[in-house]
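Q: Structure below; questions to follow.
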Amino acid sequence: MLNKICRIWFCSAAFIIISFNIFAQSPPSLKWGQVEGASSYFLEIRDKSDKIIFSKKVYSTYQNITFLAPGSYEFRVAAVNKYNQMGKKSRWAKIKIERALIPSFDSSSFVTVSSNEKNKPVSIKGSGFTEKTEFFLVKGDSRVKLKSSYVSYNEAVIYPDLPDDATGSYKITALNPNGFKSDQYLEIVIDNSKVLPELDELSPEKVETGSKTAFKIVIKGNNITANTKFVISSSSYNQNFYPLASTGISAEINLPADIPAGKYSVTAVNPDGGRSLKQLKFAVTEKKIDEEPFLYITVFPIYNLIVGSWKDYFENSYTSFGAAVSFPLARLFSKDSFMGKLSVEFEGDYVKYTAKNVSNIVDRKMYNMSGGGGLGYLLYQNDLSKSARFEMIPRVTAGFVYTSLETKVLNEKKVTNSVDPYMSLSYSFRFLFAEKFIVELVPEYKNYFYKTKMLQDVRASLRLGYAF
């Protein structure tokens, strides 16, 4: 029901207009004090744009204003004597007309609350609700204000906050800020019968073993509380779980990371013994082990730090590059076995050495090309994320090196070519991204058995490659 409230603030030297509220029981009107000698009054009303919307001589000290729509207005009055002479007009006084709402509940004005969910939020339907509507719990002479949340003109949520020993029924009344109270009550009935939890669906319906953390399962339904017990069972497993969080219509539970593979059913049991009639199903499957790459190919630049007797004749070399191929044996043997951690390695490189300017008599130039193979061992592996893996792999390789040494003494040039064995010890720090892209840092010690001398290199390479 819509009503109009009129609030007036006005004062003048001739008379005073007081503030008042006009409710539905009487039509809204303006009233002012009688002025001695006045036979009539001249009344003007203007809207918020200063447009005069009412201008009339009246013969009483009040004027009905039911014709005004809700909004803000101003009015002023002047006394008129019997000679039709108008006195001084009063100052403009403000009028505010508001839409007054009477809250009401739907005709089916009762709700049922379970005995073990007395504090569960209750959605109520009706009309005339505002953000400032207050709700009160009434039982006998007791009247308690309730916490509530505004939803819309036709709906609100209340929190009954019933005592633990509550029985029977309670009444709810609504009050709007303008003083209008609902003319009927909403009745809350306490139901002491068992409440059956209802299960509708869960997700995910399939999880994989091998996770390092617990699995989260979301269960949707109704009558689910923080104390609802979920029984997870299979032919060889039976455990009870309580929700991490519950909203009444859904719950989250954590399953242990080491739950065995199998098919499971879910049953919900409320504290009063009410058991869900429907069971939900989910499956735990063995985690699919991704196949290891069968081939790693990398290319790389090399920095050579020459040690031993050769360091007196040659500079450290940057003009070096190489390539490597690795075949992991994890495809042929168990990944966790010794053989499954081995890899067969093949590599080759080219190194050009720059002679030191020891004297003006002897000038040297040298380069070599080497190729060989060996074994690597996966010493450490860690999955940094779903798409990144870190590995540490020591390697030992051996092979042959072709060396060409050019010596020039007093304009006489001599070229010596030879093929000699070498041995290499290296340690790989390898990152594998998206199971395909390789970034590898490899420090290495390499020893060439060159004739009666040994050419020793301590080298480092940054390798980039692809895994197949």
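The values are calculated or read from the model by the stated rules, or taken from the named source; none is laboratory data. A quick note: this is a predicted structure, and the numbers were derived from the prediction, not measured. Reconstructed Cβ throughout: ideal geometry from the backbone, glycine too, with neighbour counts over all protein chains shown.
Q: What tally of residues in the stretch 57-98 results from selecting those that are under 60 Å from the mean Cα position of the chain (by Cα) and in a strand (DSSP E or B)?
A: Adding up the residues that qualify gives 13.
Q: Among the residues that make up the stretch 166-176, is at least one of them over 37 Å from the mean Cα position of the chain (by Cα), at pLDDT 80 or above and assigned to a loop (DSSP other than H, G, I, E, B)?
A: Checked against the condition, which is being over 37 Å from the mean Cα position of the chain (by Cα), at pLDDT 80 or above and assigned to a loop (DSSP other than H, G, I, E, B), the stretch 166-176 yields at least one hit.
Q: For the stretch 356-367, state whether one or more residues are in the same structural domain as R459 (by TED's automatic domain parsing), crowded, with 19+ Cβ neighbours inside 10 Å and touching a residue at least 60 places away in the same chain (Cβ under 8 Å).
A: no
Q: A follow-up question, please. Any residue in the stretch 253-273 that is aromatic (F, W, Y) sitting within a Cβ distance under 6 Å of a residue that is surrounded by 13 or more Cβ atoms within 10 Å (Cβ to Cβ)? List the pairs, counting only those 6 or more apart or interchain.
A: Going by the 6 Å Cβ cut-off, the qualifying pairs are Y264/I232; Y264/S234; Y264/F282.
Q: Sticking with this structure for a sec: Got at least one residue in the stretch 52-64 being closer than 13 Å to K31 by Cα, modelled with pLDDT of 90 or more and surrounded by fewer than 10 Cβ atoms within 10 Å (Cβ to Cβ)? I'd like the intermediate steps shown before the answer.
A: Taking the stretch 52-64 as the starting set, the residues that turn out to be closer than 13 Å to K31 by Cα are 58-64.
If we keep only those that are modelled with pLDDT of 90 or more too, we end up with 58-61, 63.
With the extra rule that they be surrounded by fewer than 10 Cβ atoms within 10 Å (Cβ to Cβ), the set shrinks to 59.
Yes, the stretch 52-64 has at least one match.
Q: Being among the hydrophobic types (A, V, I, L, M, F, W, C), surrounded by fewer than 15 Cβ atoms within 10 Å (Cβ to Cβ) and within 43 Å of the chain's Cα centre (by Cα): is that true of V266 here?
A: Spelling it out, it is not the case that V266 is among the hydrophobic types (A, V, I, L, M, F, W, C), surrounded by fewer than 15 Cβ atoms within 10 Å (Cβ to Cβ) and within 43 Å of the chain's Cα centre (by Cα).
Q: Moving on to the next point. In the stretch 415-468, what count of residues is obtained for those that are of a type in the set (V, I, T), exposed (fewer than 15 other Cβ atoms within 10 Å of the Cβ) and within 14 Å of G322 (Cβ to Cβ)?
A: Total satisfying the criteria: 0.
Q: So, in the stretch 286-319, of the ones that are closer than 30 Å to P260 by Cβ and loosely packed, with under 13 Cβ neighbours inside 10 Å, which residue ends up modelled with the lowest pLDDT?
A: Ranking the qualifying residues of the stretch 286-319, first place goes to I289.
Q: Of the conditions (1) in a strand (DSSP E or B); (2) in contact (Cβ under 8 Å) with a residue 60 or more places away in the chain; (3) out of contact with any Gly (no Cβ under 8 Å at 6 or more places or on another chain); (4) closer than 19 Å to S343 by Cβ, Y448 clears all except one; give me its number.
A: The number of the failed condition is (4).
Q: Right, another one. L277 versus (1) of a type in the set (A, V, I, L, M, F, W, C); (2) assigned by TED's automatic domain parsing to the domain that holds E406; (3) part of a loop (DSSP other than H, G, I, E, B): which is the lone unmet condition?
A: Evaluating L277 over (1) of a type in the set (A, V, I, L, M, F, W, C); (2) assigned by TED's automatic domain parsing to the domain that holds E406; (3) part of a loop (DSSP other than H, G, I, E, B) leaves (2) as the failure.
Q: For the stretch 402-418, state whether one or more residues are on the phi > 0 side of the Ramachandran plot and outside any strand (DSSP E or B).
A: The answer is yes, given that some residue of the stretch 402-418 is on the phi > 0 side of the Ramachandran plot and outside any strand (DSSP E or B).
Q: Go through the stretch 324-372 residue by residue and tally those that are touching a Lys or Arg at 6+ places or on another chain (Cβ under 9 Å), in a strand (DSSP E or B) and hydrophobic (A, V, I, L, M, F, W, C).
A: The qualifying residues number 5.
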